[in-house]
Amino acid sequence: MTELVGGEAFIWGWMGLAVISAVSLMFIDAPYGRHGREGWGPTVSARAAWVAMETPSLLIMGGLFLAGGRFDDVALWVFAGMWCIHYVHRSWIYPFRARITGKTMPVAIAGMAVLFNGVNATLNGEHLFFLASPPGADWLADPRFVFGVALFVAGMVVNIHSDNLLLGLRRGEDGGYVIPRGGLFRWVSAPNYLGEMMEWVGFAIATWSLAGAAFAVWTIANLLPRAVSNHRWYRSKFADYPPERRALIPWIF
């Protein structure tokens with residue numbers, strides 16, 4: 001099969017672009033959520049944007065899994081399941097639970113997210129279901145598979161639990177943000193982002209692929225600067241913000 005996106009050279013270049021993006025985002029806060037501001041062009045409903053941004057990743061991976069026809073390999077079912085479970089939640093469950101009614105997102109940000117998700121889903125789908133040798137049942141006992149899946153599951157638990165804590169927060173007296181507490185918020189400002197990073201690092205280890213590594217790098221490139229921005233925002237807004245709390249990694253960063 002002709003590669004849909006590109007070979008290793010493309011993937012390395014894609015990862016290099018992630019590094020450039022990460023450096024840029026350390027100085028420019030992406031304009032959505034608490035960092036929303038004017039000057040980024042037309043906007044759309046934040047809920048509609050979330051669905052539009054995340055759904056392509058689910059459809060592309062599912063489509064490539066079906067087109068590949070490797071239905072006798074249980075490891076590939078696990079990989080497809082990991083991906084699709086995350087994106088069913090992110091595409092069709094989280095946007096309708098989040099408190100984003102009336103909020104908007106720049107079309108430009110949503111468009112970049114569609115591109116990001118589309119490329120990463122295509123890279124991983126074509127690698128797993130077309131280009132790489134089927135891992136086979138023996139891969140299920142490999143330490144990389146076992147550790148990667150365990151890290152993915154742990155990350156999903158952290159991500160969803162942290163999101164639930166945020167969704168359960170009562171608004172402040174002025175109807176605005178309050179300091180989140182409980183769970184890993186005891187130690188870091190963005191445990192939801194930490195959990196998502198754990199998921200995709202785990203996926204990269206479980207698949208042991210360059211395409212998986214590229215997605216993990218992109219996830220970190222997007223979420224690490226966001227975690228730093230949120231941490232800085234909390235500390236500037238709340239005089240009583242816990243001084244021992246770090247941005248992303250307990251006791252370290």
#### Entry: Calculated over the chain: convex hull of Cα atoms, volume per residue (Å³)
131
### Task
Let me have the relative contact order for the chain, percent, based on Cα pairs under 8 Å that are six or more residues apart.
25
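Contour minus end-to-end for residue 108 and residue 66, with contour as 0.36 nm per residue of separation and end-to-end as the Cα-Cα distance?
Additional length available on full extension: 12.0 nm.
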### Task
Would you mind telling me which residue in 155, 125, 182 has the biggest mean-square fluctuation in a Gaussian network model of the chain, where springs connect alpha carbons within a distance under 10 angstrom?
182
### Reciprocal mean inverse distance between Cα atoms of the stretch 63-156 - Kirkwood radius, Å
15.4
### Summary
Quick shape summary for the stretch 10-59, equivalent ellipsoid via Cα gyration tensor, semi-axes whole Å in descending order, reads 23, 19, 8
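Just want the ordering: 74, 201, from fewest to most Cβ atoms lying within 10 Å of their own Cβ. Provide the component values of the computation, followed by the final result.
Details: 74 13, 201 21.
So the residues, fewest neighbours to most, are 74, 201.
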### Message
Within a 10 angstrom radius of the beta carbon, how do 123, 25 rank from fewest other beta carbons to most?
### Response
25, 123
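Just round it to a whole percent: the fraction of Cα-Cα distances in the stretch 16-125 exceeding 19 Å. Display every interim value, and only then the final one.
On the way: 3206 of 5995 pairs.
Of all Cα-Cα distances in the stretch 16-125, 53 percent exceed 19 Å.
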### Task
Mind putting together the pair-distance distribution for the stretch 131-232? All Cα pairs, 5 Å bins, whole percent per bin, short to long.
3, 13, 18, 19, 16, 11, 8, 6, 4, 2, 1, 0
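Here, each number is a calculation from the coordinates, and none is a lab measurement. Owing to the predicted nature of the structure, the values given are computational and were not obtained by experimental measurement. Here the Cβ is made from the backbone with ideal geometry for all residues, glycine too, and neighbour counts use every protein chain on show.
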